[in-house]
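The values are calculated or read from the model by the stated rules, or taken from the named source; none is laboratory data. These figures come from a predicted structure and were not determined experimentally. Note: ideal-geometry Cβ built from the backbone for every residue, glycine included; neighbour counts use all protein chains shown. When the accessible area is computed, the model is the full protein with side chains, heavy atoms only, and any ligands, DNA or RNA have been set aside. Shrake-Rupley method; radii C 1.70, N 1.55, O 1.52, S 1.80 Å.
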Amino acid sequence: MKVKRFKSFRFKMVMYMFFSLIATFITEGLIFMGIYLYETEIIAGEYKKVWGASGQGKMSFGTFTMSQSIALDAWVIAIFTILLLIIYFILISNKFVTYVREIISGVERMKSGDLMEEIPVRGEDEFSEIAASINEMRHNLYETMEAQKAVEKTKDELITNVAHDLRTPLTSILGYLDLLTQGDFLTEEQKQKYLGIVSSKAKQLETLVKDLFDYTRYDRNKVKIKKEILDLNLFVPQLVDEFYPSFMDHQLECRTDFYEGALNIEGNGELLARAIGNLISNAIKYGADGKLVEVHTGLKDKKAFVAIVNYGKIIPAKDLDKIFDKFYRVENSRSLKTGGTGLGLAIAKNIINLHEGNIWATSDESGTRFQIELPVVQAHMPNTGK
């Protein structure tokens with residue numbers, strides 16, 4: 001905020017002093033005029049006593065003279081003038097002093113940790129500029145502290161969730177290793193079974209560590225990706241084919257509806273395969289009860305989209321905005337039924353953000369739909385022969 005010359009603090013001080021001087025001179029003038037008129041009346045009375053109504057006689061100057069009655073000592077006048085000047089200056093500048101105290105009070109509140117109440121900005125002088133700057137600093141400090149609290153909360157949640165997800169497979173691994181090292185009472189078949197469980201749990205740990213690494217790696221501000229032109233209509237069907245064994249294992253039918261033409265986008269094939277693969281994997285895990293998963297591609301408003309639909313349990317509306325948060329799971333208990341690390345959707349969101357795209361989910365009686373949109377570089381319509 002730029003301070004105007006005629007509204008500056010220095011100009012105001014000059015004006016306060018000027019008005020104080022004017023008020024002082026006016027007050028003194030009125031006082032001295034009153035004294036003069038009062039003493040003039042006395043002089044006139046004495047004149048009548050001496051000269052009479054006819055105006056004849058002789059006035060005695062031995063008892064009373066005008067010069068003695070109206071003359072004040074120079075130092076009395078000076079002190080009176082200074083006192084009046086100070087009083088008027090205090091009265092006139094009281095509004096400014098009160099505002100300065102408000103600013104000081106606001107700073108004291110900030111020192112004590114109260115960052116909610118702003119200092120009022122009045123006028124356009126240097127002190128209003130100071131108040132505005134302090135308010136801006138208060139706002140920035142408040143946002144910084146809130147961000148730090150969020151970081152601390154996220155860190156605590158991360159530690160809690162990672163500890164939980166690590167502890168479960170580790171407990172199983174240690175338990176079965178203890179059984180395997182105890183000796184001869186186990187049959188060869190039991191040993192192979194327990195070794196298989198240990199191997200499975202170790203791979204689960206490996207997946208968790210990899211997902212944690214990928215989640216932080218694919219954060220928008222931490223990695224720059226190499227892009228190339230990709231046709232989603234060639235890319236997505238290949239991904240669907242790779243998940244065919246999983247569809248079979250979960251007794252799921254997969255229906256596809258691909259756009260009739262090329263959907264060229266600029267992206268990183270490896271990362272997009274990870275993101276879309278996570279969405280398909282999520283649909284398989286949570287849509288098994290619906291016996292059907294659908295995969296669609298299309299073009300809308302110059303953006304290519306990929307949609308994965310499952311017909312499992314409906315996701316509550318209150319959870320839809322949170323399912324892309326790390327470690328968030330819709331179910332209350334962190335059961336092992338669906339597996340996973342709780343990072344798949346968060347990783348997918350980070351990857352789509354890196355591609356300047358959008359990702360969201362809807363869920364109702366017509367199915368749970370996860371959809372991503374990516375900017376199209378060039379979309380070719382099929383040749384109809386016309």
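Filtering segment 273-328 to residues that are of a type in the set (G, A, S) and not in a strand (DSSP E or B) leaves A273, A275, G277, S281, A283, G287, A288, G290, G312, A317. Does at least one position in segment 195-212 carry a residue that is assigned to a helix (DSSP H, G or I), farther than 28 Å from F324 by Cβ, modelled with pLDDT of 80 or more and not hydrophobic (A, V, I, L, M, F, W, C)? Looking through segment 195-212, at least one residue is assigned to a helix (DSSP H, G or I), farther than 28 Å from F324 by Cβ, modelled with pLDDT of 80 or more and not hydrophobic (A, V, I, L, M, F, W, C). Against the test of being of a type in the set (A, V, I, L, M, F, W, C), part of a helix (DSSP H, G or I) and open to solvent by 50 Å² or more (accessible area, probe 1.4 Å), the options L91, L84 yield a single qualifying residue, L91. The number of residues in segment 273-284 that are under 31 Å from the mean Cα position of the chain (by Cα) and over 17 Å from D211 (Cβ atoms) comes to 0.
The set of residues from segment 268-283 being of a type in the set (G, A, S) and surrounded by fewer than 19 Cβ atoms within 10 Å (Cβ to Cβ) comprises G269, A273, G277, S281.
Does K210 satisfy being out of contact with any helix residue (DSSP H, G or I) (no Cβ under 9 Å at 6 or more places or on another chain) and among the basic types (K, R)? Criteria met by K210.
Table: residues versus (1) open to solvent by less than 20 Å² (accessible area, probe 1.4 Å); (2) out of contact with any strand residue (DSSP E or B) (no Cβ under 7 Å at 6 or more places or on another chain); (3) within 22 Å of L299 (Cα to Cα).
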position: L208; (1), (2), (3): yes, yes, no
position: Y215; (1), (2), (3): no, yes, no
position: F235; (1), (2), (3): no, yes, yes
position: P245; (1), (2), (3): no, yes, no
position: E253; (1), (2), (3): no, no, no
position: E266; (1), (2), (3): no, no, yes
position: K285; (1), (2), (3): no, yes, no
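In segment 111-122 there is at least one residue matching the filter, namely being of a type in the set (K, R), part of a loop (DSSP other than H, G, I, E, B), surrounded by 11 or more Cβ atoms within 10 Å (Cβ to Cβ) and touching a residue at least 12 places away in the same chain (Cβ under 8 Å). Residue-level analysis places S128 among those that are small (G, A, S), open to solvent by less than 60 Å² (accessible area, probe 1.4 Å), at pLDDT below 80 and part of a helix (DSSP H, G or I).
Condition check: in a strand (DSSP E or B) and closer than 21 Å to G344 by Cβ. Does E266 satisfy that? Answer is no for this residue.
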